[in-house]
Amino acid sequence: MEEILSLGNIEKSYSGVKVLKGIDFTLNKGEIHCIVGENGAGKSTLIKILSGATPCDSGEIVIFGKPVHVSNPRNSILLGISTIYQDVDLVTTLTVADNIFLGNEINKAGFIDIRKQKKKAQDLLDSLKINIDPGMLVEDLSPAQVQMLQMVKALHRNAKILIMDEPTASLGEDETEALIEMVKRLSAQGISIIYISHYLEEVFQIAHRITVIKDGMVTGCYRANEVTNDVIIKAMVGRETSMIYKRESVPIGESCLVVRDFSRGTVVNNISFDLRKSEILGIGGLVGSGRTELLRLIYGVDRKDHGELIKDGKKITVNSPLEAIKNGICMLGENRKADGMFFIRSIAENICIVRNENSVFVNNGTDSKDVMDLNSVLNIKMLSPQQEIQSLSGGNQQKSLLGRWLLSKCEIIIFDEPTKGVDIGAREEIYKYMVELVRQGKSIIMVSSDMSELLAISDRIAVLREGKLAALLPKENLDEQKLLELYFGLAKAG
């Protein structure tokens, strides 16, 4: 196969800490080369170097047989490299066609030729077998269509190398399958793809080769059809590990929270259940079943049409997250970037913000000390508590948000997809913290799309279907097949 990209001995340090330690990597024409590794392994830094967002300290980059210096993002694009990040790089208030031609508009007599742009965009979409109306606004597209549009925009720029960073992290099963099929079509057309994902099943479905990065070094490069899950996981975490976490049991107490007749429109329909002290109650269901919508009602983000909450035998009113927190209920949302973090603020500020909410002055020294004490448990990989939280990996950001609620001393913690976008090693750490929380007498409600996670972590599992509670069973009565049957309405709760 024709080699079109080669990285030799790439090194990079931040504030004296070496994050890339002599990375070697090659990419062939038409190849899908997946990169996997724990959060903080160096994957994002490598992407930034290739995309021109940051320079490497040393090493050589060769593209199409010529040594190059990738000095900035525009330079990277001119070299034929386009990077598709998790964060959407599109103007949501413009049309699909406008976004494809943004910065390279078709002009006629000094004005943008909207009709011609729309036709050319349609031709490009048709050639890639993508069913999107070029006149639609980007804000009206599904998450999968947004990812596909970013790929179309890159190909319009004559990209020969696509770098995709966790492209399916926010997609459902059907959307993921559609995106994967498009990736395979592009590969067959000779486009080379560097694909980064935490989902090993997905990686094995599409990869020609898999490179593992750990602690800034390549620990293995394998042909996908010649390697197993176990080998990849061991290269990632440095030890044998099970894909299914085995948690210890914790004695469960009396009911501490009753959710009674919760409803909102057609998305949540008369749902009732109870949560017990020191219990992890899992909630499963298909996309659109009402899982996240239910959590948002309990936490007061959205207003319910009717229903009541009873905590420790007393009816409570929760019409906002602030009221929820005052009543000892907190939540880690699925979209931590949009809903949970203050990106340009420090780790200490993000962790201590709820505790400091009523303070006139903030004591940075006290906050930093408390974060360091907390970090003996959380093991957040950071340079200092004053480091910006946006510089952390996804798993360490999630652990930081967990630290926020540990300091707030909430009694009931709601997790929406707690390990989404988190590597296997960090996932196990989060599971351990959750078990430690219930050991301390706290209670947890957890929504997860990962059935093995639900079965491994939960004490009981509530299944939602079409906004209704379809089943509430001990996990011992369930397996993945039974869960799927309940999700699809093919089995009864008994």
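Ala324 fulfils the conditions (1) part of a helix (DSSP H, G or I); (2) of a type in the set (Gly, Ala, Ser); (3) touching a Ser or Thr at 6+ places or on another chain (Cβ under 7 Å) except for a single criterion, (3). With respect to Gly313, is the statement that it is of a type outside the set (A, V, I, L, M, F, W, C), surrounded by fewer than 16 Cβ atoms within 10 Å (Cβ to Cβ), at pLDDT below 85 and under 24 Å from Ser458 (Cα atoms) true? No; evaluated as a whole, the condition is false for this residue.
Counting only helices (runs of 4 or more DSSP H) that fall entirely inside the range 25-143 and contain at least 3 residues that are under 21 Å from Glu11 (Cα atoms), without any contact (Cβ under 8 Å) to a residue 60 or more places away in the chain and not aliphatic (A, V, I, L, M), the qualifying elements are 73-78. A residue that is assigned to a helix (DSSP H, G or I) and either in contact with a strand residue (DSSP E or B) (Cβ under 6 Å, 6 or more places away or on another chain) or not assigned by TED's automatic domain parsing to the domain that holds Asp459 (or both) can be found somewhere in the range 272-291. Evaluate the following for Ala154: is it out of contact with any Lys or Arg (no Cβ under 9 Å at 6 or more places or on another chain) and buried (at least 16 other Cβ atoms within 10 Å of the Cβ)? Answer is yes for this residue. For the range 357-364, check the following and say yes or no: at least one residue is surrounded by 22 or more Cβ atoms within 10 Å (Cβ to Cβ) and either of a type outside the set (S, T, N, Q) or not assigned by TED's automatic domain parsing to the domain that holds Arg291 (or both). No - not one qualifying residue is present in the range 357-364. Taking the range 417-446 as the range and being touching a residue at least 60 places away in the same chain (Cβ under 8 Å) and either in contact with a strand residue (DSSP E or B) (Cβ under 7 Å, 6 or more places away or on another chain) or assigned by TED's automatic domain parsing to the domain that holds Glu202 (or both) as the test, the residues that pass are Glu417, Pro418, Met434, Val438, Lys442, Ser443, Ile444, Ile445, Met446.
Scanning the range 171-192 turns up no residue that is in contact (Cβ under 8 Å) with a residue 12 or more places away in the chain and more than 30 Å from Asn99 (Cβ to Cβ).
The values are calculated or read from the model by the stated rules, or taken from the named source; none is laboratory data. Everything quoted here is computed from the prediction, not taken from an experiment. Reconstructed Cβ throughout: ideal geometry from the backbone, glycine too, with neighbour counts over all protein chains shown.
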